Amino acid sequence: MGAPVEMSVESDRPALAGMPSLQVRLLGPLAISRDGAALALPASRKVRALIAYLSLAPHAVPRSQLCELLWDLPNDPRGELRWSLSKARSILDEPGRRRIDTQADTIRLDLSDCFVDAAEISRAVQGGFETIAPHRLRALATLFCGDFVEGLEIDRSPAFTSWLIATRRRFRGCQAALLEHLVRSIPGDEAFGYLETWLQLAPFDRRAHEAMLIALARRGRIREGEEHLAATARQFEAEGIDATSIRKGWRSAIANAEETPRAAVVDSVVVVAPGRPADIVIAASRRASIAVMPFADQSAAANVPGGPADGLAHDVITRLAKLRSLFVIAQASVFALRERQIAPEEAGRMLNVDYVASGSLRRHGKRLTVTVELAETRSARIVWAEVFNRSKDDAFLVLDEIGDRIVASIASEIETIERNRAILRAPNSLDAWEAHHRGLWHMYRFNKSDNERAQHFFETAVRLDPTFSRAYAGLSFTHWQKAFQSWAKREQEVDLAYKAAGQSLMADDRDPAAHWAMGRVLWLRGSHDQSVVELERSIELSPNFAQGHYSLAFVQAQTGDPLAAIVSSDHSRDLSPFDPLLFGMLGARTIALVRLARFEEAANWAVKAAARPNAHSHILAIAAFSLALADRLDEGRAYIASIHKTLPRYGLDDFFAAFQFAAEGTAFFREGARRIGMV
């Protein structure tokens, strides 16, 4: 795996004068050196385990957590922890420099001015391997000298064992991602050494085998390629994995060898679903793909399948599939991989998915704790992680609530990543999926010019893929915006929005976004009851569809039940607390409170809505009138002044042309406008 280096790898930390005095090596057997001289480590495995754990802990750790981690009900766990800390201090502390910080009932290890190999890798992963120069990638690769703290297993410490296994899996995933980026970024035969290491580390990673076959084909080493293919096919088939895609990839590599100038890992076109003979090779549509691995039940001594943890994973898989925006690997495949003890990171690469979600569930007393993380497969970067702690008075309701939050968060995080990735691509190189997300990026800016750009990219997406329901829904929304904001002739834009929403429904009647688009257009047409039916259908199809709940709140707040609107608004924000439409969720709640004559509450919520960076003029007007109704006249006038900086002619007629208030709503908002002199 390469020898350790004696030089610091570049990082985002401030540059130090010379080499850091203290170096901690965790990727391989634990080793600590000072000024280049290796330090003798204590014989106690628990002292070494304590150092390893604290070296990677992002925050101070409670003493109780460390006791539970390392000691299996000893007579005096805190006494043993104090003894272990004293041994660790003898290694890590220096004159005038105490590295183990004990404050209150917590412990923190300060290695900020030291070199820690695992920390260097973690920083590189979070920054993105694609941003790192090849020479630095090479240096990072040399840091892997074995498994994380190799040989440091501890008997009768299940919590530490679970952490150790998970951490080792994470760093293996980081190493595989690093090797893949090296293979893609360095020229010539040097890549073969990294390819061989990658294959040793991940023998069932289809991308690694494809990269090797492509490299051999491009160098004319056909016989070696045939031998590698035959050996790989036997290996895959012995494990119940279909090797058809590998064979197709080899034929394609030979055909394209003369046309391709350098070795590279090609984009995959199929997903291999390992498991029983009934499993098949599934053609991958061009959508972001995800595997949700079974959650580990850390409460069950034998981790018996079929418990709450498995049920939670099943619910998350089902609910993500109902969103229709992601390609979700079926439960049978991911559970089959669990039975074969395949780690989530490795499973993600075997299944050739873009993202993998994993987590654990633990019951302790009356509390239920669920941890979950979402990682990008190719970069091994953790893009979202959360810990849910709930009272389990009603375990089923608690799991249902946590499942809702997990699904909504995963969908939101992936959409954000895909939007940001699409905006960096050249416009003429986008496929339908990327064009759609490029459109979303512009759409959520909520201004006229960006809305035009969004319309262009949605039109590109549906031209490239006429079956892309979500792209039609986005296109409908851009026309909806033109009508709502009076950026174009209302009647024409309403008709275009209705047409695009209808095409979205025809493309996929089970896509909640299609019914969301139609519901919003029907509201524009003044069909309140039909609008509510469509919006309720959108959340019936996917109860985790936050924008469906928000749009229902938007309609109900104006012409329906204001109390129901508040419930829908709150639920949409619970599902998606960082949603690009958060200003609208808050604005809908404000309108409902105004109709209920709860003016002070309305003013406070309106200020929150107007504070969002993409809040448009109508949201600022809602804030102005709500503040006026709460007798906060100067604040209200300030919002009107802010509107007039960009829209000098904005008046009350523009405001009422956009909305469809019930009689009491119209009367209240007119009164608010009168109080600040806007009539």
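The values are calculated or read from the model by the stated rules, or taken from the named source; none is laboratory data. The model shown is predicted, which means the values in this text are computed figures rather than measured ones. With ideal geometry, Cβ positions are generated from the backbone for all residues, glycine too; neighbour counts draw on all protein chains shown. These accessible areas exclude ligands, DNA and RNA; they are computed on the full protein's heavy atoms, side chains included. Shrake-Rupley method; radii C 1.70, N 1.55, O 1.52, S 1.80 Å.
Computed values, structure above
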read-out: Sites ARG367 and THR106 - FRET efficiency at Förster radius 25 Å, r taken between beta-carbons, to 0.05; value: 0.80
read-out: Of the GluC sites (Glu not before Pro) in region 57-160, those whose Cβ has at most 14 other Cβ within 10 Å and which sit in DSSP loop; value: GLU150, GLU153
read-out: Angle in degrees between helix 546-559 and the longest Cα principal axis of the chain, rounded to the nearest 10; value: 20 degrees
read-out: Dimensions (Å) - region 530-569, Cα atoms, principal axes, largest first; value: 23, 19, 11
read-out: Debye log10 I(q)/I(0) at q = 0.15, 0.25 Å⁻¹ for region 569-636, Cα point scatterers; value: -0.40, -1.01
read-out: Rounded to 10°, Cα long-axis angle of helix 395-423 versus longest principal axis of the chain; value: 90 degrees
read-out: Of every Cα-Cα pair in the chain, the percent that sits beyond 36 Å; value: 51 percent
read-out: Under 16 Å from the ASP631 label point (7 Å along Cα→beta-carbon), backbone N, region 584-605; value: 598-604
read-out: Where TRP480, TRP487, TRP384 fall by accessible area, highest first, once all protein chains stay in place (1.4 Å); value: TRP487, TRP384, TRP480
read-out: Alpha-carbon Rg/Rh ratio, for region 349-453, with Rh computed the Kirkwood way; value: 1.12
read-out: About the Cα centre, charge dipole magnitude for the chain (Lys/Arg +1, Asp/Glu -1 at Cβ), debye; value: 780 debye
read-out: Per residue solvent-accessible surface (Å²) - the chain, probe of 1.4 Å; value: 43 Å²
read-out: Estimated D of region 109-185 in µm² per second, where Rh is the Kirkwood radius over Cα pairs and Stokes-Einstein applies at 37 °C, 0.692 mPa s; value: 239 µm²/s
read-out: Cα coordinate range in region 625-676, projected on the principal axes (Å, largest first); value: 30, 25, 12
read-out: With every protein chain in place, the chain: carbon and sulfur % of accessible area (1.4 Å); value: 52 percent
read-out: Span from the region 316-370 Cα centroid across to the region 584-650 one, whole angstrom; value: 43 Å
read-out: Candidate aspartates and glutamates - alpha carbon under 13 Å from LYS322, same-chain residues fewer than 8 apart omitted; value: ASP404, ASP508, ASP509, ASP511, GLU540
read-out: Cβ-derived FRET efficiency at R0 35 Å, ARG421 paired with ALA40, nearest 0.05; value: 0.15
read-out: Proximal lysines to LYS392, defined as alpha-carbon separation beneath 25 angstrom and excluding residues fewer than eight positions away on the same chain; value: LYS366
read-out: Whole-number D in µm² s⁻¹ for region 24-156, Kirkwood Cα-pair radius fed into Stokes-Einstein, 10 °C, 1.306 mPa s; value: 99 µm²/s
read-out: Nearest 10 degrees, 0 to 90: helix 206-218 Cα axis against the chain principal axis; value: 70 degrees
read-out: Listed residues THR467, THR161 arranged by accessible area, highest first, probe 1.4 Å; value: THR467, THR161
read-out: P(r), alpha carbons of region 118-241 - 5 Å bins starting at zero, rounded %; value: 2, 10, 18, 18, 17, 14, 12, 6, 2, 1, 0
read-out: log10 of Debye I(q)/I(0), alpha-carbon scatterers only, for region 460-581 at 0.10, 0.12 Å⁻¹; value: -0.28, -0.40
read-out: Under 13 Å, Cβ to Cβ, from ALA638 - net charge with Lys/Arg +1 and Asp/Glu -1; value: +1
read-out: Inter-probe distance in nm under a simple model that places probes 7 Å from Cα toward Cβ, at ARG234 and ALA60; value: 5.9 nm
read-out: Theoretical FRET efficiency, 1/(1+(r/R0)^6), r = Cβ-Cβ of ALA330 and GLU671, R0 45 Å, to 0.05; value: 0.20
read-out: Electrostatic dipole magnitude of region 336-392 [Cβ: Lys, Arg +1; Asp, Glu -1; Cα centre; debye, to 20]; value: 500 debye
